[in-house]
Structure formats: structure tokens, C-alpha cells
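Visitor: Provided herewith is a single structure, encoded as C-alpha cells, for subsequent inquiry.
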Amino acid sequence: MRKSLLLLILVIATLINAETLVIKGSNTVYPIAQLWVEQFQKMYPNVTATLEGAGSSTGISALLNGTCDIANSSRFLKAGEVEQMHKNSRYFVPLVIAYDGIAVIVNPNLGIDSISIETLNKIYTGQITEWSQVDPKLPKKTIAAYSRNTASGTFEVWLEKVLKGEKLSPRIQMLESSQAEIESVAKNQYAIAYTGMGYVTSQVKALKVEGIDPTIENVLSGKYPLSRPLFVFFDLSRFNNMWPENNVIADYIRFILSPEGQKLVEKAGYIPAYGTSK
Amino acid sequence: MKKIGETLFKSIVFTAAILVAAALFGIIFFLFSESLRAMKEIGWDLFSTEWFPVWEKPDFGIRTMLLNSIILTLWTSFVVFSIGIIVALYLHSYANKREKELMLRVLEYVSGIPSVVLGFFGIVIVAPILLKAGAWTGQNFFNASFMLSVLTLPFMISLSYQSLEKVPKEISEAAVSIGARDFAVMIVELRYAMPGIVNAMMSVFNRIFGETMIVLMVAGGSNLLVRSFFDPIRPLTATLGSELGEVEVKSLHYSALFFIGFLLLAISLAITLLTNYIVRWRERWIRG
Amino acid sequence: MKWFFRLTSYAVLILMFSVIVLIILPGVRYFFRPGFFTDFPRASMTEGGVFPSIFGSLILISLVFVIVIPVGLLGSIFIAEFSSKRLSVVLQSLAGTMNSIPSIVYGLFGLSFFCVNLGLRTSLISASLTLSTMAIPFFINSAVEFLRSVPKELREGVIALGANRFETTLMVIRSSKNGLLTTLMLTLGRAFSETAPILITGAVFYATKLPSKLTDPIMTLPTSIYAIIMNLGETARWMAQGMASMMTLVMIVIYSIVQILRRRTNG
């Protein structure tokens, strides 16, 4: 009885026309996107938005497959993806929406404050496996190193800047999200991980990399070695390769680049790309 | 008039049944055809040890994951078989009516817990305990094995118990009358209930091998060949669950994942067919 | 000897009981948070409620119900009543085999067939079709046994009174209705708890509105639990805990109903 009633509701709901905005992609950008979507919903009540944050690669794949409207990404397109894009006569417009630094985090109780990229490389390729090898003053305990999984844009940036293309050691544990990394490090005294700056809380300690703190100033000035821009991509070929004027994607983009949208970037803990004052 | 209605009815139900057969062949066909590209382009390298799907020069070796899946399944099955049979024997030979009802009821409720909830339990409750016990990471082989046991133990116990109950009274009474004691009587009953118990064992094995959500959440995420109980591992099903979301449709990575799926399908079908064969053979042996 | 068996059994009992309690109890108090059942989640799942997930799960189950009843019931009727001995053995073992295929394989099939081949993409309809493909063999496996258990005398009696095949079948259904109802409840319970197949064919992490057409993606209880635990922090954990308690309680209710039905059939 109840089930047939629900079916009736579904049928009626089908008759109501609503626009859907499908957003997929970066887990790093997710907290910003969540705030954006919530605010956007208030401004445009007719629009239904769906949001996912499984990783930058999922967003870009979805854009290629035609299964999303907007792809959030914490990395730029890979060479292979650019080729695919051209092969299918598509054009993904890259919009820089924020800046971010990848913070290297450890448990607050671990006695280390700074680390070099070379050490990070050795840890993540498996050449160093115990904390005492990093610094003889540290205990002789196995390093529990975490990484984002291969869908992640943050991972791709790490691969480029820290691993320099080398293969990740099998000891490294892959986690599905940045938040999972924060939690793992907060709970495990001998853990190390990396996430977007916006995720860092007082539960973990962010290390200096090559002696430089991951602060907003250092990221903006480019001093912090693990800085990167955060992107939003959309497919221009859907609009006959002309800038979209009157549809929901245009409205969304206008919003996220506006001062209100950029204020939300700040609120999420990231660095806005454009001004936040009207 | 009645004849037409009857024939119509017959053809409708026939179609419905054929749909099921079509589905099975459909599944096999689709999985196979999507994995063809991987099999052609990667060939035997699919069985190398490293899995690095998104590097510039990708590796698609499933050997470590396959071995980890097998080791996890064998160990957990062993634990579940032993404990399961012991509890089933207790219920059959020693328990009184109230104990039986209580146990079976609790077990039935546990069997209904969704696997994602059990994974939740593993992360929220078991992992911190393991960390305190000295594990270097809370999500590991032990955690996965433990939650998988909770998942499959109710099934093992209840099926074994039912098989034992089906043993005709004459057999057990005959054993007692020639002077056998408790333990020996149990052995006789077990022998007779073997087909049902073996059926349960194989189903448990199959279930553990194919379980996705629990291992995705609590087995850890590294591709190490497991060496200690506290090592994190990545079984085949976890790789599928984790990477299917990101993969570009029809890419080589996509095809390699379908190869894993096809392998899982083939192994579970093989186990099922083997079970049917063994059970039927054993039953014939018992009937004499 | 006996004490060893007893010790193990009681240890298992206590363990199982604690698992159930530890899952359900911590979550129940969240039921009383205002709006838990009726609100959308807000502020990255740290406030609000789980309404869209509940709605998504219900819609999904309704669609599965609509698909499984005709195909499953009619298929079982064919196997139990109309087919030859050989064909029924073949079909039954097919159904049994399909039952033991891992759920993620069904997800892969759903992805390649429904989402890509038929172009249905990540949507409610893909997820329901995938779940139904899983649920139908499960239903048939169990329903055929119940249909077969109707005694021959009853069948022969009705035919003697002049009933045709169709009416005989109706009678068989009516007499095994308890068993069929049990099977239906277990099948729906199974579909309700499955996560892997719908994770890749139909579910999204967060949607601002309820699905309005069959091709919209959905939020469901199991996928939301997974998403929250894997992607969000301790502040959102309460929502996952509440959903986990809810799902487990629903399954307990289903199994209790099944137990009552069983007792009724056995007189």
C-alpha cells in the first residue's frame, strides 16, 4: 500500500520539470563545492544539483563520458586526457577557482617539525621504512604512510612533485578521501599523510616542507614547494564552442567566481583565486 | 477460449524463466567481452605482482591482490568452519530448547546486518581496539578477517545445524547402542551430515571470496603480500570497488578491472559447480 | 568435552549479541534529533537529517518490487508447475548458480550493460535493474521450494473439480502464500542492504533534491553510510551511525516478521 503510494509520488514528480546540475570530481575541492551547491540552491531553487567527490580523475572521466556537467579537479588535465579531448572534438574550459597547498601531516605527538622532499620521496617509494631512518632521535617504529587513491588529483600532484614519476611502494596504504587521511594520522602516532591545506585541523600537525610553512602567504607567493591551483572544468563543446550565456552552468560559474562564491572558498580553508570584497 | 488463455499464461511464465537464463549468459558475455582488450594488450602480464594503473607506464598485475584474496579467504574460512561446526554440534547434541531458540534467533538477526554496516563497525569499533593492541594500522588483515567471520558464521552454524538435525535418529541410536560415547557419536553424525556441511562450507568460502564492502572499508589499502595479521591488504574485490568509480569507460584500465571481475565470476562459478558435484557424489556414497 | 563446546558457543553468542547492541544502541539517540528523518543533510553532513537517503532507498526498493514480483513469481511458477523435470533442474541450478555470484560482479554487469550499453548512466533505473537482476534468482530459488511443497493431493483435488492450469496455479499460490511472502520479504531485505551494485550504477554522495525522474541519480542509506565513513570526519559520523542503526533495525523487523510467518505455516 505504502509502496504504491510512493510510486504515485514518483510519477507526479516526473511531471515536474527541474534542471539538474551534475558535479563530480575532486575530493580536495569537495568541501568548497558543498558550500557552493548549498548556497547556489538557495539562489536558484528550481535547480537540482548533485555532488560527488570521489577524486579528480572521476570528474574528468565523467566529463569525457558525458555523465557530468562540471568537473572539480585539484590537478590540470593529463597529456592523455588532452589528447582524448581533442580526439572527441571537445574542449574543457579550465577555470582556476582557488589555490591550495598540499600539507604533509603527522600526529601531533611525533617529534618532527620539518621534512625534505627527498625524504618524502624515500618514504613513499619504500626506501625508508622506519622513523629512526628519518631522524635518529625518532623511535624505531614502522612508518605508517598513507596516500590518496589513484582517482585523486592530490595524488597526481604528489606523484609529480614528490615521487617524480616513480612507483609508489606497496607498503603505502591507499585511502579513499582526504578526511580519512586526517583521521588515520590523528589516531596513529607513527603515521604520515598528505592532504589539501583546507583539511588540516588541530588534530594533526602540518610539517614544514624544505623549511617552509604551508601558510596562505607562502602558497600565494609560490614559496611553498607543494602549491597548486584548484580547477573547475566544463565542456564547451556542449554549447557549440561558445561561452554559455543563459543556462544553469553559466549561472553556476558566474556564482563561484563572484565575491560571494570566493568567500566560500575562504570559509572552506582554501585560498581564493579572485577577490572576496564587493 | 480457455485454451487460448492457458497457452498465453504458459508462454508468459516460460518467458519469465528464460529471462533468468539469459541474464546469466548475459553477465558472462558482457564481462568477458569488456575484458578482451586487457587480455589482448596486457596478456600474461596481468599476473605480475604490481598494480599501478595510472602511471605513465602502467602496470596491471593482479597477482598480489589475488594471493591476498585467497589467503584471506582460506584463513577466515578455516576459522568459520571450525567454530561453526563446534557450535552446530553443541546446539544439536547438548543444548536445551531455550538455548537453541536464543542462539538461532540472535544468529538470524546478525545474518541480516548489511555488510556496509559491518564495515562501519570494523572502522569505528574494531580499528581503534587494534591500534591500542599495537597494530601499526587499524585497518588490516585481522580486522577484515574478523568482520568477515561475523558475516558468515551465522550462515555456517545454521546450515550445519540443520544438516545435523536431518540425520535420522536410527543412525545415532545405533552408534550409542554399540557402546560409542559422545565424541564418537558426533563423528558418525557428522559423516552423515557431510553433504549439507560441505555445501555450507563452500558457500561460505564463495561468500568471503566475493565480499566487497567489508574488505573495501576495513582491509586497509596497500598492495602488500600479507605477512603478519596486522598488515593491510587489498583484495581483488576492494580494488574493483575503489577504482570503478574513477575509470574512463572503455579505457585499458576499465578493461583490466573487468578482467578482475571476470576472474571473480569464473572462480565463484567454478566453486559452485564443484560444490554441486561433491555434494551429489557424497550423497550417493551415503545412500549406498 | 561438553564444557569446551558450551564455552565456544556462549562466547560466540555473547560476541554476536554485542555486535548487534553496539551497532544499534549508539545510533538510536540520533533518531530523536529534530528533523533526523525529515531533513536534508546540511553543512557537509554535520547537521540535518537523512531524508533523501531514506527516500532513495524506498523508491529503489519499490522499483525492485515492481520488477521482481512479475518476473520472479512467474518464473518460479513456470519451474514448479509447467516445465519438464529436466528443464526445471537446469533452470533451478541456473538460479542457484546466479545466487552465488559476488554482488560486485552484478555491479560490473549493470555498469557495462545498463549504464553504458543502454545509455542509462548513473541513475535510479540502472540501479533498480541491476538490483533486480540480483534479486530475481534469489527469489526464484526460495519460491520454487515453497511452491513445490504444496502436496500433490491438493492439486489433484482441484483438477478433479474441473479447474484449468491457470486456476490450479492460483490455488497453489494461495496455499503457499506464507512461504512466498517470506521469500518476498527476504528478497526485499537483501535488496535494501546491498551496496556494491548500486554504488557504481546509481548512487551519488550528495544531491540537493529528490530524484524526479527515473534517470536521476539517488542517495540511498547504504551508499550514504559508506560515503560518510570513507569521506567525512568524526563530526559527520553521527549521521552514519544513525543510518546504520536504522538499517539494522529494519532488517531485524523483517526477520521477525519472517519468523512469525514461519511459525504460522508450521501450525
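Visitor: Dipole size in debye (nearest 20) for the stretch A:31-146 around its Cα centre, Lys and Arg Cβ +1, Asp and Glu Cβ -1?
Guide: 160
Visitor: Moving on. Identify all lysines with a Cα-Cα distance to B:Lys166 below 29 Å; exclude those on the same chain that are fewer than 8 residues away in sequence.
Guide: Hits, sequence-local ones excluded: B:Lys97, B:Lys100, C:Lys2, C:Lys85, C:Lys152, C:Lys177.
Visitor: Among the helices of chain C (complete DSSP H runs), which have Cα atoms covering no less than 20 Å along the helix axis and a Kyte-Doolittle mean of at least -0.5?
Guide: Once both thresholds are applied, what remains is C:2-31, C:51-68, C:85-99, C:124-148, C:177-193, C:234-265.
Visitor: Mean 1/r over all different Cα pairs, inverted: what Kirkwood radius does the stretch C:195-267 give, in Å?
Guide: Kirkwood hydrodynamic radius for the stretch C:195-267: 14.4 Å.
Visitor: If a helix is a whole DSSP H run, which ones in chain B reach 18 Å or further along their own axis (Cα) and hold a mean Kyte-Doolittle hydropathy of at least 0.0?
Guide: Flagged H segments are B:2-42, B:63-89, B:141-166, B:182-210, B:252-287.
Visitor: If you don't mind, another one. Compute the signed sum of charges (Lys and Arg +1, Asp and Glu -1) over the other residues within less than 14 Å, Cβ to Cβ, of A:Leu220.
Guide: Neighbourhood net charge equals -2.
Visitor: Roughly how many Å is it from the Cα centre of the stretch B:219-288 to that of the stretch C:198-214, as a whole number?
Guide: Here the two parts' Cα centres lie 28 Å apart.
Visitor: Could you pull the Cα extents of the stretch C:50-266 along its three principal axes, largest to smallest, in whole Å?
Guide: Sorted largest first, the three principal extents are 67, 40, 30 Å.
Visitor: Okay, next question. Quote the charge dipole size of the stretch B:22-115 about the Cα centre in Debye, to the nearest 20; the model charges only the Cβ of Lys and Arg (+1) and of Asp and Glu (-1).
Guide: Charge dipole, the stretch B:22-115, about its Cα centre: 440 debye, nearest 20.
Visitor: Now, a different point. Per the Debye formula with a single identical scatterer at each Cα and no solvent contribution, what log10 I(q)/I(0) holds for the stretch B:210-288 at q = 0.18, 0.22, 0.25, 0.27 Å⁻¹?
Guide: Those come out to -0.83, -1.01, -1.13, -1.19, one per q.
Visitor: Still on this structure, I have one more. Per q in 0.14, 0.16, 0.17 1/Å, what log10 I(q)/I(0) does a Debye calculation on the alpha-carbon atoms of the stretch B:26-180 return?
Guide: Log-scaled intensity ratios, in q order: -0.94, -1.05, -1.10.
Visitor: Return the whole-Å distance between the Cα centroid of the stretch A:28-74 and the Cα centroid of the stretch B:171-202.
Guide: When both Cα centres are located, 61 Å separates them.
Visitor: Specify which residue in the list C:Ser84, A:Ile256, B:Val54 is farthest towards the positive end of the charge dipole of the protein assembly as shown, using unit charges on the beta carbon of Lys, Arg (+1) and Asp, Glu (-1), about the Cα centre.
Guide: C:Ser84
Visitor: Below 13 Å, Cα to Cα, which aspartates and glutamates can B:Lys132 reach? Residues fewer than 8 away in the same chain don't count.
Guide: By straight Cα distance, B:Lys132 reaches no aspartates and glutamates at all.
Visitor: Binning at 10 Å from 0, report for the stretch C:51-142 what percent of all alpha-carbon pair distances ends up in each bin.
Guide: Once binned at 10 Å, the Cα pair distances of the stretch C:51-142 give 17, 39, 32, 10, 1.
Visitor: For A:Thr20, what charge total do you get from the other residues with a beta carbon under 12 Å from its beta carbon, if Lys and Arg give +1 and Asp and Glu give -1?
Guide: Summing Lys and Arg as +1 and Asp and Glu as -1 gives 0.
Visitor: In terms of the ratio Rg/(2.2 N^0.38 Å) built on C-alpha atoms, what value belongs to the stretch B:45-129?
Guide: The stretch B:45-129 yields a ratio of 1.69.
Visitor: In whole Å, what is the distance between the alpha-carbon centres of the stretch C:6-76 and the stretch C:130-156?
Guide: Spelled out, the Cα-based centre of one part sits 27 Å from the other.
Visitor: So which of A:Lys87/B:Lys250; A:Lys140/A:Lys167; A:Lys141/A:Lys167; A:Lys78/B:Lys57 end up more than 18 Å apart by C-alpha?
Guide: Checking Cα-Cα distances, A:Lys140/A:Lys167; A:Lys141/A:Lys167 exceed 18 Å.
Visitor: Any chance you could tell me what percent of the C-alpha pair distances in the stretch B:127-189 go past 13 Å?
Guide: 72
Visitor: When all C-alpha to C-alpha distances in chain B are sorted into bins of 10 Å, what percent of pairs does each bin hold, rounded to whole numbers?
Guide: So the P(r) values, bin by bin, are 6, 22, 26, 23, 15, 7, 2, 0.
Visitor: Antiparallel as a % of all DSSP beta bridges within the protein assembly as shown, to the nearest 5?
Guide: 65
Visitor: Another question, then. State the three equivalent ellipsoid semi-axes of chain A, derived from the C-alpha gyration tensor as the square roots of 5 times its eigenvalues, in descending order and whole Å.
Guide: Its equivalent ellipsoid spans semi-axes of 37, 21, 19 Å.
Visitor: For the protein assembly as shown, state the semi-axes of the equivalent ellipsoid (square roots of 5 times the eigenvalues of the alpha-carbon gyration tensor), sorted largest first and rounded to whole angstrom.
Guide: Computed over the protein assembly as shown, the values are 48, 33, 24 Å.
Visitor: Just how many pairs of Lys in the stretch A:196-278 have C-alpha atoms closer than 26 Å, counting pairs that are eight or more places apart or on different chains?
Guide: 9
Visitor: Consider all pairwise Cα distances in the stretch C:141-261 and report the whole-number % of them above 26 Å.
Guide: Beyond 26 Å sits 46 percent of the P(r) for the stretch C:141-261.
Visitor: Calculate how steeply helix A:30-43 sits against the longest principal axis of the alpha-carbon atoms of chain A, using the helix alpha-carbon long axis, and give the answer as 0 to 90 degrees to the nearest 10.
Guide: The helix A:30-43 is inclined about 20 degrees to chain A.
Visitor: Now for a separate question. For a distance above 18 Å, tell me the whole-number percent of Cα pairs in the stretch B:179-254 that qualify.
Guide: Beyond 18 Å sits 63 percent of the P(r) for the stretch B:179-254.
Visitor: At q = 0.12, 0.14, 0.16, 0.20 Å⁻¹, what is the log10 ratio I(q)/I(0) for the stretch A:100-227, with the Debye formula run over Cα points and no solvent?
Guide: At q = 0.12, 0.14, 0.16, 0.20 Å⁻¹ the computed log10 ratios are -0.38, -0.53, -0.71, -1.19.
Visitor: I want the local charge near C:Arg165. Using Cβ-Cβ distances under 9 Å, sum +1 for each Lys or Arg and -1 for each Asp or Glu among the other residues.
Guide: Residues near C:Arg165 contribute -2 overall.
No value in this document is a laboratory result; all are computed from the given coordinates. A quick note: this is a predicted structure, and the numbers were derived from the prediction, not measured. All Cβ positions, even for glycine, are placed from backbone atoms using ideal geometry, and neighbour counts span all protein chains on display.
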